[in-house]
1. Somewhere in the range 102-114, is a residue modelled with pLDDT of 85 or more, crowded, with 19+ Cβ neighbours inside 10 Å and not in a helix (DSSP H, G or I)?
2. So, restricting to helices (runs of 4 or more DSSP H) that lie completely within the range 187-279, which ones have at least 2 residues that are small (Gly, Ala, Ser), at pLDDT below 90 and over 19 Å from the mean Cα position of the chain (by Cα)?
3. Output the residue which, of all residues in the range 210-247 that are in contact (Cβ under 8 Å) with a residue 24 or more places away in the chain and charged (D, E, K, R), is surrounded by the most Cβ atoms within 10 Å (Cβ to Cβ).
4. So if I check each of 9, 59, which one is at pLDDT 85 or above, among the aromatic types (Phe, Trp, Tyr) and in contact with a helix residue (DSSP H, G or I) (Cβ under 6 Å, 6 or more places away or on another chain)?
5. Take the residues in the range 64-101 that are under 19 Å from residue 190 (Cβ atoms) and without any contact (Cβ under 8 Å) to a residue 24 or more places away in the chain; name whichever of them is surrounded by the most Cβ atoms within 10 Å (Cβ to Cβ).
6. Taking residue 149, is it out of contact with any strand residue (DSSP E or B) (no Cβ under 7 Å at 6 or more places or on another chain), touching a residue at least 40 places away in the same chain (Cβ under 8 Å) and under 27 Å from residue 23 (Cβ atoms)?
7. Based on this model, can you work out whether residue 38 counts as among the charged types (D, E, K, R) and loosely packed, with under 14 Cβ neighbours inside 10 Å?
8. Quick one: which residue in 33, 24, 55 is closer than 26 Å to residue 175 by Cα and not in a loop (DSSP other than H, G, I, E, B)?
Amino acid sequence: MIDWFTDPYQTEFMRNAAVMAILVGVLAPTVGVWVVLRRLAYLGDAMSHGTLAGVAAAYLTGISITLGALAAGVVMGLLVAVFDRQRRLGHDSAIGVAETLMFATGIILISRNDRIGVDLTHYLFGQIVTTSTNDIIVNSALTAVALAIVVVAFDDLRNVTFDPGHAQQVGIPVGPLRLVLIALISITVVVSLGTVGLLMSVAMLITPAATARLLTNRIETMTALAITVGVTSAIAGLTISYHLATPPGPTIALVTVAWFAGATIASLRSGQSGIGSRPPRPAEPAGCL
């Protein structure tokens, strides 16, 4: 039985894949906790689609795919901020318009080159088994930066999430923190590029955090549970995909959904949606910028 878990990792490329899986399994749920608490799941999904423009542009110009994806994330964040200033629009409408612009631009860029559609497939759906040592170094650095930001801004993020009005009164920079969260989502999507892919990155961003949210209301505990779900899903999905010859990205995503299903059943049996006292809901949709 133990061999079933260890055999896939006898080769270097699978060990590299496991390291990348762990990085995504830690980073995405950590950021995802704040996305779930602030009801920004749609923003996470939109960011994963919008980043396609940066990936395609980077490919066409020959620059780093990582830089292109990060740049697209920044541009999309700025677009959402600009569109969100229109008071007649809801926050979801501002996000939807920005996503449409970025995603459509990405599709048009892809159409400009006959090979780009094939070459970008693993960025769309993930190709974790092609992870190189350089990929691990770059993504480890991005993960460390993102986690450091979360740690430093943890208390302010909590205050802004649950009582943005009071946070603003006491001098917490509410607006900049929203932009910080946009940046964190963008970094998470970039780190997920070669693992679960752009289109499936939302699975690791949202599902582990949503699973943890069903089981606890303490943010610290929720983060720990989300990371546990993320890491175990990443490794289990990678192992299962090896034995069943299925695509790793979608397999990892399905394992996260299995965790969510189990948490849903557990919460229904307990007769509540979380253990302990329920925290106050955010006073406003924190997706506005």
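The values are calculated or read from the model by the stated rules, or taken from the named source; none is laboratory data. Note that the structure is a prediction, hence the values are computed from the model and not measured. Cβ atoms come from the backbone with ideal geometry, glycine included; neighbour counts cover every protein chain shown.
1. Scanning the range 102-114 turns up no residue that is modelled with pLDDT of 85 or more, crowded, with 19+ Cβ neighbours inside 10 Å and not in a helix (DSSP H, G or I).
2. 248-270
3. Looking at the filtered set, the residue picked out is 213.
4. On the way: 59 fails: at pLDDT 85 or above.
Testing whether each residue is at pLDDT 85 or above, among the aromatic types (Phe, Trp, Tyr) and in contact with a helix residue (DSSP H, G or I) (Cβ under 6 Å, 6 or more places away or on another chain) leaves just 9.
5. 68
6. On the way: out of contact with any strand residue (DSSP E or B) (no Cβ under 7 Å at 6 or more places or on another chain): yes; touching a residue at least 40 places away in the same chain (Cβ under 8 Å): no; under 27 Å from residue 23 (Cβ atoms): yes.
It is false that residue 149 is out of contact with any strand residue (DSSP E or B) (no Cβ under 7 Å at 6 or more places or on another chain), touching a residue at least 40 places away in the same chain (Cβ under 8 Å) and under 27 Å from residue 23 (Cβ atoms).
7. The answer is no for residue 38.
8. Of 33, 24, 55, the one residue that is closer than 26 Å to residue 175 by Cα and not in a loop (DSSP other than H, G, I, E, B) is 33.
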